[in-house]
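The values are calculated or read from the model by the stated rules, or taken from the named source; none is laboratory data. Because the structure is predicted, anything quoted here is derived from the model rather than measured. Cβ sites come from the backbone with ideal geometry, for glycine too, and all protein chains shown count toward neighbours. To get the accessible areas, we keep the full protein, side chains included, count just its heavy atoms, and leave off ligands, DNA and RNA. Shrake-Rupley method; radii C 1.70, N 1.55, O 1.52, S 1.80 Å.
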Amino acid sequence: MVKVCAIASGSNGNCYYIGTEKEAILVDAGISRRQIMKRMKELRLDISRVKSVFISHEHSDHIRGLRVLCDMHGIDAYLTRDTLHKAHRNYHPKTAHVFNAGDIINVGGFKVHTFTKQHDAIDPVSFRVEVEGLSVGVMTDIGAVCNNLKLHLEQCHIAFLESNYDEQLLEEGPYPYHLKQRVKSDKGHLSNKQAVDLVERLEKADLNTIFLSHISADNNRVEIALKAFEHLSKKYRILPTNRYAPSELVTVGEEQLALFG
């Protein structure tokens, strides 16, 4: 039995949970320890099962809660050396394990694939996590689709996929010109349309569930993102994430796994 959800997803904080009955990992810790604990409790998830936190990059909405969470609960932190050095010292846990993008890291029953992504950070990475026959991707804060992203997404059963902005809302919205250019650049974020185009180009059928993630508060709406993916809802289960509350908790058992892929 594997449980998967977004504890938080958005520019104000990101944290993704992947766990079994015995152990769990988080990807990113961009909200406070207190909020992580509160939201996990709402879902009846036990923090004592969390053994490791994997950090995608140094921006505060992905690393803000790392130090306090790890130091208070004895949780291992994993991040690249450049990300650790670039991150504000207030976010540094007492102990941290460093890796290089492209490494495969085994933690308990989890096999974590790391790979480079395009974003305006020092050494940004995405993750694909294998556990008990399930493959889960955390693929947000991406400016452009690369072959690595497509390759790993095709191997996922469940994916947290960025669907950050609606092109019209961004153009007509309040952001200054330079910030609009940053968002839609190859080092920024994926639009709803870019995310849809990526899914439409997938050549393998392993993917079952897509969490629309890192949805912008200013340049997108949940209903707009869901509408963009509506024509794909017969093939995939499409679920939204939330910046202020945990997402739906998806539970996958052996029978369901046999139907995936």
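Tabulated values for the structure
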item: The range 214-249, subset free of Cβ contacts under 8 Å to residues at least 40 places away in the same chain and among the hydrophobic types (A, V, I, L, M, F, W, C), residue nearest to Tyr16 (Cα to Cα); result: Leu239
item: Residue check for Glu203: farther than 21 Å from Leu151 by Cβ and either at pLDDT 95 or above or open to solvent by 10 Å² or more (accessible area, probe 1.4 Å) (or both); result: no
item: Candidate set from the range 113-141 (those that are within 17 Å of Asp206 (Cα to Cα), in contact with an Asp or Glu (Cβ under 9 Å, 6 or more places away or on another chain) and of a type in the set (Gly, Ala, Ser)); member that is most open to solvent (accessible area, probe 1.4 Å); result: Gly133
item: Selected residue (criterion: nearest to Ile215 (Cα to Cα)) from residues of the range 87-112 that are open to solvent by less than 20 Å² (accessible area, probe 1.4 Å) and not β-branched (Val, Ile, Thr); result: Ala87
item: Within the range 27-39, considering residues that are touching a residue at least 40 places away in the same chain (Cβ under 8 Å) and of a type outside the set (D, E, K, R), the one surrounded by the most Cβ atoms within 10 Å (Cβ to Cβ); result: Ala29
item: Segments classed as helices (runs of 4 or more DSSP H), wholly inside the range 166-261, with at least 1 members that are under 16 Å from Thr140 (Cβ atoms); result: 177-184, 192-200, 222-228
item: Boolean, Pro246 is within 19 Å of the chain's Cα centre (by Cα), at pLDDT 95 or above and either closer than 22 Å to Ala6 by Cα or of a type outside the set (Gly, Ala, Ser) (or both); result: yes
item: Subset tally (residues that are open to solvent by less than 70 Å² (accessible area, probe 1.4 Å), more than 21 Å from Val129 (Cβ to Cβ) and not hydroxyl-bearing (Ser, Thr, Tyr)) for the range 60-73; result: 2
item: Test for Ile55: is it open to solvent by 60 Å² or more (accessible area, probe 1.4 Å) and in contact with a Ser or Thr (Cβ under 7 Å, 6 or more places away or on another chain); result: no
item: Pair list, Cβ under 6 Å, 6 or more apart: the range 170-185 residue of a type outside the set (Lys, Arg), other residue surrounded by fewer than 17 Cβ atoms within 10 Å (Cβ to Cβ); result: Gly173/Asp218
item: Hits in the range 82-108 - residues which are in contact (Cβ under 8 Å) with a residue 40 or more places away in the chain and in a helix (DSSP H, G or I); result: Asp82, Thr83
item: Condition check for Ala144: of a type outside the set (Asp, Glu), within 19 Å of Ile63 (Cα to Cα), part of a loop (DSSP other than H, G, I, E, B) and open to solvent by less than 40 Å² (accessible area, probe 1.4 Å); result: no
item: Lone qualifier among Leu179, Leu170, Leu198 - being under 19 Å from Glu230 (Cα atoms) and either open to solvent by less than 30 Å² (accessible area, probe 1.4 Å) or at pLDDT 95 or above (or both); result: Leu198
